[in-house]
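Written out below as structure tokens is the structure these notes cover.
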There are 4 protein chains.
Amino acid sequence: MCLTCPGIEKTIENSSRPVQIAPGLAVGGADVVLMAGPCAVESYEQTRAIAEALHQLGIRVIRGGAFKPRTSPDSFQGLGLDGLKILRAVADEFGLTVITEALGVRHVELVAEYADVIQIGSRNMQHYPLLWEVGQADKPVVLKRGFMSTVSEWLSAAEHISRRGNDEIILCERGIRTFEPSTRNTLDTNAIALVKQTSPYPVIGDPSHATGHADLVIPAARAAVAAGADGLLVEVHPEPRAALSDADQALPLEALPELHKQIGRIAAALGRSLV
Amino acid sequence: MCLTCPGIEKTIENSSRPVQIAPGLAVGGADVVLMAGPCAVESYEQTRAIAEALHQLGIRVIRGGAFKPRTSPDSFQGLGLDGLKILRAVADEFGLTVITEALGVRHVELVAEYADVIQIGSRNMQHYPLLWEVGQADKPVVLKRGFMSTVSEWLSAAEHISRRGNDEIILCERGIRTFEPSTRNTLDTNAIALVKQTSPYPVIGDPSHATGHADLVIPAARAAVAAGADGLLVEVHPEPRAALSDADQALPLEALPELHKQIGRIAAALGRSLV
Amino acid sequence: MCLTCPGIEKTIENSSRPVQIAPGLAVGGADVVLMAGPCAVESYEQTRAIAEALHQLGIRVIRGGAFKPRTSPDSFQGLGLDGLKILRAVADEFGLTVITEALGVRHVELVAEYADVIQIGSRNMQHYPLLWEVGQADKPVVLKRGFMSTVSEWLSAAEHISRRGNDEIILCERGIRTFEPSTRNTLDTNAIALVKQTSPYPVIGDPSHATGHADLVIPAARAAVAAGADGLLVEVHPEPRAALSDADQALPLEALPELHKQIGRIAAALGRSLV
Amino acid sequence: MCLTCPGIEKTIENSSRPVQIAPGLAVGGADVVLMAGPCAVESYEQTRAIAEALHQLGIRVIRGGAFKPRTSPDSFQGLGLDGLKILRAVADEFGLTVITEALGVRHVELVAEYADVIQIGSRNMQHYPLLWEVGQADKPVVLKRGFMSTVSEWLSAAEHISRRGNDEIILCERGIRTFEPSTRNTLDTNAIALVKQTSPYPVIGDPSHATGHADLVIPAARAAVAAGADGLLVEVHPEPRAALSDADQALPLEALPELHKQIGRIAAALGRSLV
């Protein structure tokens, strides 16, 4: 911590260098980058409605799952390739950047073809063959923290990627598993602050998985950014109750302007801009 | 969450009523209340130096331990009654409000005589005889969350107090015990947001115990206030390395202005004032 | 671990010395000591029925709560002094040793008057004034592990007692709080083995609180003894469904012979006797 | 729990059907099956020495890692195909059954060619592409519990395998991550008892990873079998201090007879035989 630094420019203690995810768009620099979208891509209509809402607010990154890792084999597993095509189409229409998950080694090439940023999910943080595969890909990687992985293991997982040649890594804190049952996970804002100070990578927060409740998403998003997060990954849905996955935690689209306004104020308080 | 509320005044989702801790000073209203002081009262000089620094920044509440619960019987156990007298004397000199811990039922009367607010420590959150005793005291109570307690158990503990007649309760989130070893505890900002929305009591955050590292105290304080905390309880020390307890987490006095400035900005972003 | 020891007598790795709890009855020696009884003393009839069943099987220690620490202030808080009197009366009738909890410092003297062994509950493991009080009592103490306390903190708590002069301490592993929701707690058999090897005190297991389900009590009891426990503290009830507290985990009295038989076989496999 | 069952044959509460892993060798029946071997196959000499020791005690299954999942990219990652060949060669010499881990989807075919039983490691319990792949393999699968996974998630992971056609699943409890730092993990004996009663699959225990300390392996092995485990997976090494991975937890080969003797006694106490 730079206790003696005079200006607000140094408020965020920062050891990382920015990761460029699109022309003129970097994570880990002066901007706080808001990324939002559905848990799962369900249809063209659903995804386009969301993309349009993002575009209207000036949000530049859309997230969405085409391949879904689901605890139960009975749950909706995603649209697969069709989902990727939908994401790309609506993103291109509105000039958005796409981030989506590669579930296994065999998906990496395909995902890299349609997406701008490859996400490694929390359950896969220590699946080394997948880390090695994206370590050879030519796209930035969002590495979600395992929900029961230590910060040290998280940074080691990043090293498994960087050793294969890919340094464009963005860490994502998405809540850890604790004894507390009233929220789905516990957002570890300490970890956000710690990796900001000690790791070479930018870090973003996922207030949706970290809380599991739409009502807590905005306060958790504020806390993540206040702790130093360089961006947010938020699940939104036009009709949360009808969502095919993670219905409880999806922020309704009409709450997005409020999220945007509040996060903008927190970012400004830290001398940063929200994009 | 009030998603449709138009003004910033409603940013903080709030189900609680303020608790008056001194004339003109309430926790849980429009103000964010900064409370700071040494982990343990070590001497008149140490405590006066801190009180003076608080006063210069306009901070109105001093915290400090006279009776210290220590894991090891070999650790410094506090100055006891002498510590209470020192706290009262320096507080009176600078017009400060005093908060300090009552370690057991036999201390409650004594602590109530010298302090303005009685603190129940984390290890004692489920020590019912002590809850019943402060339930009959005529002072506001800060109820720290057990580091191993669920939100539901925390609110039940508050009910043990209120049933005996004392409703002047302030909850304090001070970090929970998780699997993560790189920080002393994990600050549960989700819990702050949740009790703000669902409980009748204000809630404050303790970024010192929640992190265990001075370098993380300011980001954690920002996160707690951003999540909705009505105040902060921060450990400071004129010479952290010489502190008799919790040396690693004590913020040096010279960092207090930076903390004050940053928290003031976060509070303002939420439409609140820092006092 | 004594890998080279030839005889079965040395199977249990042991660093402790026995604690005498009644004439001819020690915990921590060659015998495994079964202690059973109701969660809460509810009536003379209920307690006497249990005592009689214990006596018939040759079980020599009765447990039962007179003062109950309850998460909710609305739950049954125990019969208090009347409960102690009932326990003493039925114990004397059947020649049993009594173990019961002292909830706070003000109960210690009273509990010591009626009971043979004073129990410190899990929530109170770090309530130091209580530890100091039983440290001056003239009775053996069962120190339950805090459900979220490390082994190191547990041993430090024991030291808070022994420093005041009372070395007659029996540790009790009763399950720790983890992320697993399907059982009430997680029985930490590792901890039993560890304190057996490294601490100066005997250790017993509580399979009732450690599981929270009557169906798991017998397997958990077997595991605790196999890990090296010197005894067991088991909740039984004549009519579990009608129990005023912890109904789910109470073993029905008619299952006690099966528990007794199975634990006897495990003890014998380790070269020990069950009493 | 079968409280009324008269004979010792019913001591182990059992909802599962046995899984045949070699001619005349089943896991989940009357026998407790001991499986042992090195964490990692390091050389032909090391592996043969272990195989010979197993053979002398009548142990029929050898475990050993050829592909090693390692937290740090700097750690020894295994001998790969050479390791598989060594395992097969020494197993054939001594008539042993081989169990080894498939680290990713691309290893499954290869591992199935050399091994008799395919292991899914703890970090991969929710890596669905791998579960689907072994779900189509023609070999029994040992599914280790994720160290961060609930029993419910573990059983769902098994369902991901069985849905693809492979029902020959053996669950393996290998310790969960908790707040306790003095052991590497916490052996969850409750979970062993629970899945024995409620799942269709046999369950074995891994006392090596569950404890992380050689001194605790034997007591933990006893506890696992006493809780109802149908077998054990134990790491042994001729020279633990020189082991290339997990040196602290490897049982020295000369302690294997003591383990064998003690587990044999516990198994017998439950009416089972050790093979």
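Derivation of every value follows stated rules applied to the coordinates shown; laboratory data play no part. Keep in mind it's a predicted model, so treat the numbers as computed, not measured. Methodologically, a virtual Cβ is constructed for each residue, glycine included, from the backbone with ideal geometry; neighbour enumeration extends over all protein chains shown.
Brief remarks on what is shown
- Between the range A:36-62 and the range B:224-275, the C-alpha centres lie 39 angstrom from each other.
- DSSP beta bridges fully contained in the range A:31-274 are about 5 percent antiparallel.
- Long pairs among A:Lys139/D:Lys85; B:Lys68/B:Lys139; A:Lys85/D:Lys139; A:Lys144/B:Lys144; C:Lys196/D:Lys261, criterion Cα-Cα beyond 27 Å: A:Lys139/D:Lys85; A:Lys85/D:Lys139; A:Lys144/B:Lys144
- Its alpha carbons considered, the protein assembly as shown gives a radius of gyration followed by a Dmax of 29.7, 86 Å.
- Residues with amide H under 5 Å from that of A:Val236, placed H, sequence gap 5 or more: A:Gly37, A:Cys39, A:Leu251
- Near the amide H of C:Gly231, within less than 5 Å, lie the amide hydrogens of C:Val33, C:Gly205, all on another chain or at least 5 residues away, with H placed in the peptide plane.
- Note on D:22-30: average number of Cβ atoms from other chains within 10 Å of each residue's Cβ is 0.
- Cβ-based exposure ranking for C:Val90, C:Val108, in which fewest neighbours within 10 Å come first: C:Val108, C:Val90
- Ordered by the number of other Cβ atoms lying within 10 Å of each residue's own Cβ, fewest first, A:Arg145, C:Arg63, A:Arg48, A:Arg241 fall into the sequence A:Arg241, A:Arg48, A:Arg145, C:Arg63.
- Computed label-point distance, nm, for sites D:Lys261 and B:Glu254 using a 7 Å Cα→Cβ extension: 6.6
- Given charges at Cβ of Lys, Arg, Asp, Glu: the range B:116-234 dipole, positive-most of B:Phe179, B:Val134, B:Thr211: B:Phe179
- Near the amide H of C:Ala26, within less than 5 Å, lie the amide hydrogens of C:Ile21, all on another chain or at least 5 residues away, with H placed in the peptide plane.
- Coupling constants for the range B:202-213 follow from the phi torsions by the Karplus curve (6.51 cos²θ - 1.76 cosθ + 1.60, θ = phi - 60°), and in residue order they are x, 9, 10, x, 10, x, 6, 5, 5, 10, x, 9 Hz; glycine and proline get x.
- Summed side-chain charge close to D:Val41 - residues other than D:Val41 whose Cβ falls under 14 Å, Lys, Arg +1, Asp, Glu -1: -1
- Cut-off 20 Å, label 7 Å out along Cα→Cβ of D:Tyr44, residues of the range D:60-81 by amide N: D:62-67, D:78-81
- With neighbour counts taken as other beta-carbon atoms within 10 Å, the residues C:Leu216, D:Leu79, C:Leu54 rank, fewest first, as D:Leu79, C:Leu54, C:Leu216.
- Legend: mean number of C-beta atoms from other chains within 10 angstrom of residue C-beta atoms, peptide A:254-265, equals 3.
- Here r is the Cβ-Cβ distance between B:Thr198 and B:Arg164 and R0 is 25 Å; the resulting FRET efficiency, rounded to 0.05, is 0.65.
- Shielding value for C:65-76 is 4, the average number of Cβ atoms from other chains within 10 Å of each residue's Cβ.
- Computed E for B:Leu81/D:Glu93 - FRET, C-beta separation, R0 60 angstrom, nearest 0.05: 0.20
- Spatially, the range C:122-153 and the range C:178-210 are offset by 15 Å when compared through their Cα centroids.
- Across the identical copies, the 7 Å label point of B:Ser75, projected outward along Cα→Cβ, sits 2.8, 3.1, 4.0 nm from its counterparts, in ascending order.
- Whole-angstrom Cα spans of the range B:31-274 along principal axes, big to small: 41, 40, 35
- Sorted from nearest, the other copies put their D:Glu239 label points 5.2, 6.9, 6.9 nm away, the label point being 7 Å from Cα in the direction of Cβ.
- Ranked by how many other beta carbons lie within 10 Å on average, peptides D:258-270, A:176-188 from highest: A:176-188, D:258-270
- 3J(HN,Hα) couplings calculated from phi for the range B:27-42 with the Karplus curve 6.51 cos²θ - 1.76 cosθ + 1.60 (θ = phi - 60°) are, in sequence order, 9, x, x, 6, 8, 9, 9, 8, 10, 9, x, x, 4, 10, 5, 9 Hz; Gly and Pro show x.
- Ratio of Rg to Rh for the range A:24-171: 0.96 [Cα atoms; Kirkwood radius as inverse mean 1/r over pairs].
- Projecting 7 Å from Cα along the Cα-to-Cβ direction, the label point of C:Glu254 sits 5.4, 5.9, 7.7 nm from its equivalents in the other copies, listed shortest first.
- Working note: 222 nm ellipticity from helices only, DSSP H runs with n ≥ 4, each -39,500 (n - 2.57), summed and divided by the residues of the protein assembly as shown, gives -10500 deg cm²/dmol to the nearest 500.
- Mean separation of Cα pairs under 8 Å and 6 or more residues apart, divided by the residue count, gives chain D a relative contact order of 21 percent.
- Kyte-Doolittle at least -1.0, axis length at least 18 Å by Cα - qualifying DSSP helices, chain A: A:44-57, A:81-94, A:214-227, A:256-269
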